[in-house]
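J.: First, the structure itself, so that you have it in front of you.
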Amino acid sequence: MSVNRRKLNRAWETLRALPVPAIATDRLVDLHDDLAYYDTAIAEEMREYVRGRRVNPARVQIDMELDETLRAFKPENAAEVVCRRELLRYKRRVDEVVRELIRANPEAQSS
């Protein structure tokens with residue numbers, strides 16, 4: 001097994017071991033939904049990769065807009081601070097999988 005494949009497997013196992021962050025307030029629903037969509041899209045591509053199929057380079061990209069939106073969110077209470085932190089942590093784990101998936105797939109690097 002190649003080093004890239006081991007790193008990808010480790011990143012994937014780490015992500016799957018994390019619980020999806022809970023929503024602290026109604027203000028965070030849209031961010032949570034966006035993160036869930038990003039996670040689901042990458043999970044679908046990861047399943048395709050594991051099955052030996054081609055990965056869609058258009059879908060295997062780090063979502064910088066989501067990152068900016070999460071960082072720009074201004075929490076109004078302690079629960080929102082914790083939730084935002086957990087959302088960012090979870091997104092970083094998805095980003096690790098994306099980076100390793102790109103390294104493991106030369107087609108994805110050209111996008």
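Every number in this text was worked out from the coordinates using simple rules, so none of it is lab data. Only a predicted model underlies this, so the values are computations on that prediction, with no experimental measurement involved. Cβ: placed from backbone, ideal geometry, glycine included. Neighbour counts: every protein chain shown.
J.: Within 12 Å, Cβ to Cβ, of R6, how many net charges do the neighbouring residues add up to if Lys/Arg are +1 and Asp/Glu are -1?
T.: +2
J.: Here are some values of Cα Rg over 2.2 N^0.38 Å: (i) 1.25; (ii) 1.12; (iii) 1.40. Which one was computed from this structure?
T.: Among (i) 1.25; (ii) 1.12; (iii) 1.40, the one derived from this structure is (ii).
J.: Tilt of helix 78-104 relative to the longest C-alpha principal axis of the chain, in degrees (0 to 90, nearest 10)?
T.: Helix 78-104 sits roughly 10 degrees off the main axis of the chain.
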